[in-house]
Amino acid sequence: EGIIVLIDTDVNNVGLIHIKGELRCMSGQGAPPLVTIRSQGILISGPGALMSCGTVTQPLETGKVIFEMLGDRDLNELDTSLSSMGVRALVARDGGILSLHGSTAKSGYVQLDGTMDVGTKVATVDGNVLSWNSGDEVVITTTSFYPDRNEIMTVSNVQQGDIVEFTDRVVYQHYGGIQIFADSVDNESYTVDERAYVANLSRTIVIQADS
């Protein structure tokens, strides 16, 4: 309580973390490229309690912070007067504040600008994705009747802003065309956009469970 702690190194396999002061992610010059906090849960409680990474005006643009929740201990072990708050939980209560502001440079999505056939590893998209980097993970959504045919791909490189090469080849076809149907009765035409969406999954702040 009343103490400010900077996250500048990994914290591995600790128990429950109770924040009554401030826990801040280090950013800017000197910040590590990757920090992972592995704990059984985090509770931020009480006036003045804060866990923050980035701000509205200065989000965490570089580096990466991963909060990974482990095990099956309930957060109410930190306050037995409370009912269950869940396992592998990240909770702010009683005036505690959780403030996370990561980069939004990769948070949008594009669509295919041409069909990806089975076995191909290059996609042309309908927007500029020069902010994507080698190693980024993206999802290409299914365009079939099977909902389990989304594919997670890893970016190898980006060319000319809208051509993305992946490290592996797609297993399923992903449609990338726009269909136009004419209605001779009403003398109208209808456009159906069934192109797959492509979204970058890489984030500078990640909250995940161990399984």
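The values are calculated or read from the model by the stated rules, or taken from the named source; none is laboratory data. Here the structure is a predicted model, which is why all the values come from computation and not from measurement. Here the Cβ is made from the backbone with ideal geometry for all residues, glycine too, and neighbour counts use every protein chain on show. Please note that ligands, DNA and RNA were not included when accessible areas were found on the heavy atoms of the full protein model with its side chains. Shrake-Rupley method; radii C 1.70, N 1.55, O 1.52, S 1.80 Å.
Here is the tail figure for region 89-142: Cα pairs spaced more than 14 Å apart come to 69 percent of all pairs. Summary of packing: across the peptides 125-133, 81-89, 38-46, 184-192, the per-residue average of other C-beta atoms within 10 Å ranks them, highest first, as 38-46, 125-133, 81-89, 184-192. Simple point charges give the picture: +1 on the Cβ of Lys and Arg, -1 on the Cβ of Asp and Glu, and for region 95-211 a dipole about the Cα centre of about 480 debye. Between Ala49, Val155, Leu75, the Cα set farthest toward the positive side of the dipole of region 27-166 (charges on each charged residue's Cβ, about the Cα centre) is that of Ala49. Accessible area per residue for the chain is 57 Å², calculated with a 1.4 Å probe on protein heavy atoms, without ligands, DNA or RNA. Placing +1 on the Cβ of every Lys and Arg and -1 on the Cβ of every Asp and Glu, with nothing else charged, gives region 87-137 a dipole about its Cα centre of roughly 280 debye. Summing Lys and Arg as +1 and Asp and Glu as -1 over all other residues whose Cβ lies under 10 Å from the Cβ of Tyr172 gives a net charge of -2. Relative to the Cα centre, the charge distribution of the chain, modelled as +1 at Lys and Arg Cβ and -1 at Asp and Glu Cβ, gives a dipole magnitude of about 680 debye. The apolar share of the surface of region 75-211, taken as the fraction of accessible area on carbon and sulfur atoms (1.4 Å probe, ligands and nucleic acids excluded), comes to 47 percent.
log10 I(q)/I(0), Debye, Cα-only region 121-211, no solvent, q = 0.25 Å⁻¹? Results for region 121-211 at q = 0.25 Å⁻¹ read -1.29. Can you give the FRET efficiency for Ile180 and Gln160, using 1/(1 + (r/R0)^6), R0 = 30 Å, r = Cβ-Cβ distance, to the nearest 0.05? After rounding to 0.05, the efficiency reads 0.65. Kirkwood analysis of the Cα pair distances in the chain returns a hydrodynamic radius of 20.1 Å.
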